[in-house]
Structure formats: structure tokens, C-alpha cells
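J.: Below you'll find the structure I mean.
Values quoted throughout were computed directly from the atomic coordinates according to the rules given, and no laboratory measurement underlies them. What you are looking at is a predicted structure, and each value in this text was computed from that prediction instead of being measured. Cβ placement follows ideal geometry from the backbone for every residue including glycine, while neighbour counts extend to all protein chains displayed.
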Amino acid sequence: MKQLILIFGLLSLVVLGNSCKDDDAEFSDCWRAPNKTQLKLTLLEGPTITLPSKVSIFFKVTDTNNNPVGYLKEDNFVIYEKGINDSCPRVISAFEAKRKISGRQQVFNHSTLLVLDLSGSVLQQSLQQVKDAANAFVAQIVPPLPDPSISMGIYWFDGEDVLHELEPVTNSLTDLKNAINSVNQNISNDNSTDLYGAVIKADAKADSILAVYQAADVTSATSIVLFTDGEDRANRYPKQTAYDAVSGSPKEVSWFTLGVGNEINVPDLQKIGRNGFFQAASVTQLTNVFKQIADVVNNEANSYYFFEYCSPIRNGSNNGLIIEAYDGTEVGFLQQNFDATGFTGGCQL
């Protein structure tokens with residue numbers, strides 16, 4: 001597989017080389033690949049330089065519909081560099097430079113925030129179905145044996161100006177299920193629905209979780225999964241404020257929404273669920289739809305990649321780097337520049 005990708009990459013460079021005008025051509029001018037846009041590689045951190053010559057970069061892979069592309073292996077990537085004497089990017093051989101592309105398990109933590117609507121309509125009409133569906137959801141996300149890189153917190157909202165904590169972020173599947181099973185019809189004191197307030201507060205909660213990991217120098221990402229059976233009725237916050245909270249979330253935060261029944265505001269939930277909106281016609285479909293979301297969230301958690309390699313370049317403040325990803329017939333790339341000043345041998349991964 002590696003040989004096939006390498007051959008394909010070399011053939012690509014022949015075409016690219018013919019398109020370069022001269023040795024002074026800009027890096028971006030050399031890399032013209034209008035047909036290589038099926039995958040999108042989004043930079044999250046880096047490039048980070050560690051002497052003597054290590055280059056590290058953290059990125060996410062999605063498809064043309066913004067769906068996460070997870071579980072890619074090292075064979076799915078080809079690496080190119082462009083130094084001061086290269087008119088166009090060239091493939092970096094494994095014999096020239098050690099490299100490593102790591103998935104979620106090796107490099108970062110992923111947290112899921114499950115945000116449940118427990119307003120009057122849910123508590124009075126569909127509480128058991130919601131609890132069953134939530135239990136199925138957490139069982140697909142959190143493994144039975146605690147994994148320090150995977151965690152979840154459960155929160156709920158009603159008409160109060162509060163995002164209630166049902167279970168803080170944990171990697172204990174047992175604690176999460178016990179929390180869900182503890183919910184009863186007396187949990188709420190306000191039958192209204194403060195949907196926009198819940199969105200705003202969930203955004204703040206996700207930011208605080210990311211900040212904790214960042215302070216500990218741990219790379220992390222968060223998925224917010226919000227369930228509701230209706231519209232915002234509390235009118236505590238303007239709709240646009242909730243929209244702005246979602247659009248202003250960092251790239252490390254993904255938003256998914258699930259609406260059930262015929263009283264939901266579909267455009268609202270589509271706007272809030274910027275990474276995915278799911279709809280169930282009735283509460284009897286909730287478990288199946290929650291399982292669908294779990295599949296997407298798992299793929300989301302595994303669509304982040306940490307790439308590091310020992311560059312063979314030993315000079316230049318504006319060297320080019322391209323990471324090209326392949327998933328079947330779909331291709332995409334990420335282009336960055338890096339400074340190799342002071343690079344020497346002896347790099348270890």
C-alpha cells in the first residue's frame with residue numbers, strides 16, 4: 001500500500017513540476033490540485049518545531065459534507081517538503097526522515113457533553129424513552145473499561161436559567177448510566193424550555209474543559225450533543241446570541257443536535273448542530289437515532305491526527321510542508337510553512 005501511494009505521489013509531482021514556472025515560483029503556485037478537494041484537512045495546532053529537527057502538526061480530516069473522516073492509518077498519508085532549492089514539493093522518503101502519524105488514542109483526549117432537554121413535555125410524556133436512548137448512547141461512546149482519553153459529562157436544561165449538571169465529565173460508564181437512571185419526573189421545577197440558554201452555557205462548559213486540558217499541555221477536543229423535543233419557550237436569550245455562541249466555538253468543539261416530534265424548530269437545530277442535525281419522528285425512534293449520532297461522534301473523535309517527523313532540511317526560514325491524505329479514492333491536503341533554522345541531525349520521535 002505504501003509503495004502504491006508513493007508511486008502515485010511521485011507521478012503527481014511530475015505533473016506539478018510541469019506546472020511550475022521557475023525556481024522562484026511561490027510554494028502555493030507549485031501545488032495546484034483542483035481535483036484534490038474531496039477531503040479537507042483543518043489545521044488545529046502547529047507547525048511546532050522541536051530541535052534538533054522535529055516538525056509537529058495537529059489537524060482534523062473531514063469530507064466534502066463536513067463529516068469527520070476517522071481511523072486513517074499512516075499508509076493513508078503522503079508527506080512532501082519544499083526547500084530553498086526545490087521548485088516544487090517532493091515526496092519525503094521514510095529513508096530520509098523518520099515520521100509518525102498518531103490517532104486519538106496516542107495523542108489527545110476527547111470529551112462528549114450530552115445535553116438533555118428535561119422540560120415538562122419530556123418528563124410527562126417520554127422520560128423513559130429518553131433515558132433508554134441516553135443509556136444506549138453513552139454505552140457506544142464510553143468503553144466499559146475506563147479509557148483516560150475518552151470521557152463524557154451529562155447536563156440537562158428546563159426553563160431555569162441554569163445548565164444543570166447530572167454527571168460531571170468522567171470516563172466511568174457505570175457512573176454515567178447510574179446518573180441517567182436516577183432521573184425522575186420530579187427533577188425539574190420549571191416546565192418551560194430554555195433552549196438558547198442551554199446552548200450558550202454548553203458552549204461555555206466546552207470552553208472551560210478545553211482550557212483545563214490546555215493548561216495541562218494536553219491536546220483535546222469536545223463534542224456537544226444536544227437533545228430537545230421543542231422550541232425555546234423561556235425567551236431568556238436572543239436567538240442570535242445562541243447562534244453566535246456556536247459559530248464562535250473553536251474548531252476543537254463540534255456541535256450535534258437531535259430533535260424529536262413535530263414541535264421542534266428544524267432551522268434552529270440545523271443552525272446549532274453545525275456538525276450534524278438528526279431528527280426522530282417519534283420517541284420510539286430515539287434509541288436508533290442516538291446510536292447513529294454515537295457512530296458519528298466516535299468517528300469525530302478519531303478524525304484528529306497528530307503528525308510528527310524529522311525533517312531532512314537543514315536551513316531556510318520559509319520551507320514548505322504538505323500533508324496529503326487518501327481515503328479510498330478521495331484525496332485532500334494541508335499546506336504549511338516552517339522555519340528550519342538551526343536544524344541538525346539526531347532527531348528522535
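J.: With the structure loaded, tell me whether G320 is in contact with an Asp or Glu (Cβ under 7 Å, 6 or more places away or on another chain) and not hydroxyl-bearing (S, T, Y) or whether it fails that test. It would help to see each step written out before you state the result.
T.: Numbers: in contact with an Asp or Glu (Cβ under 7 Å, 6 or more places away or on another chain): yes; not hydroxyl-bearing (S, T, Y): yes.
Yes: the conditions hold for G320.
J.: Separate question: Starting from the stretch 207-222, keep only residues that are among the polar types (S, T, N, Q), then list their pairs with residues that are in a helix (DSSP H, G or I) and buried (at least 17 other Cβ atoms within 10 Å of the Cβ) whose Cβ atoms are within a distance under 8 Å, requiring at least 6 positions of separation or different chains.
T.: As it stands, the answer is T219/V107; T219/Y213; S220/I209; S220/L210; S220/Y213; T222/A206; T222/I209; T222/L210, since those pairs meet every condition given.
J.: Which members of the stretch 266-292 meet the condition of being of a type in the set (A, V, I, L, M), touching a residue at least 40 places away in the same chain (Cβ under 8 Å) and in contact with a helix residue (DSSP H, G or I) (Cβ under 7 Å, 6 or more places away or on another chain)? If you could, list the steps in order and put the result at the bottom.
T.: First, the residues of the stretch 266-292 that are of a type in the set (A, V, I, L, M): 266, 269, 272, 280-281, 283, 286, 289.
Next, only the ones that are touching a residue at least 40 places away in the same chain (Cβ under 8 Å) stay: 269, 272, 283, 286, 289.
Answer for the stretch 266-292, where residues must be of a type in the set (A, V, I, L, M), touching a residue at least 40 places away in the same chain (Cβ under 8 Å) and in contact with a helix residue (DSSP H, G or I) (Cβ under 7 Å, 6 or more places away or on another chain): I272, V283, L286.
J.: Further question on the same structure: From the set of residues in the stretch 201-235 that are in a helix (DSSP H, G or I) and small (G, A, S), which is farthest from the chain's Cα centre (by Cα)?
T.: First, the residues of the stretch 201-235 that are in a helix (DSSP H, G or I): 201-215.
Now restrict to residues that are small (G, A, S): 202, 204, 206, 208, 211, 215.
Numbers: A202: 16, A204: 17, A206: 13, S208: 17, A211: 16, A215: 20 Å.
Among residues in the stretch 201-235 that are in a helix (DSSP H, G or I) and small (G, A, S), the one farthest from the chain's Cα centre (by Cα) is A215.
J.: Another question, if that's okay. Could you check how many residues of the stretch 49-61 are buried (at least 20 other Cβ atoms within 10 Å of the Cβ) and either within 20 Å of Q38 (Cα to Cα) or among the aliphatic types (A, V, I, L, M) (or both)?
T.: The number of residues fulfilling the criteria is 6.
J.: On to the next question. Which helices (runs of 4 or more DSSP H) sit wholly inside the stretch 106-200 and have at least 3 residues that are more than 20 Å from D232 (Cα to Cα)?
T.: Values: elements: 120-125, 127-141, 173-181.
Those helices (runs of 4 or more DSSP H) span 127-141, 173-181.
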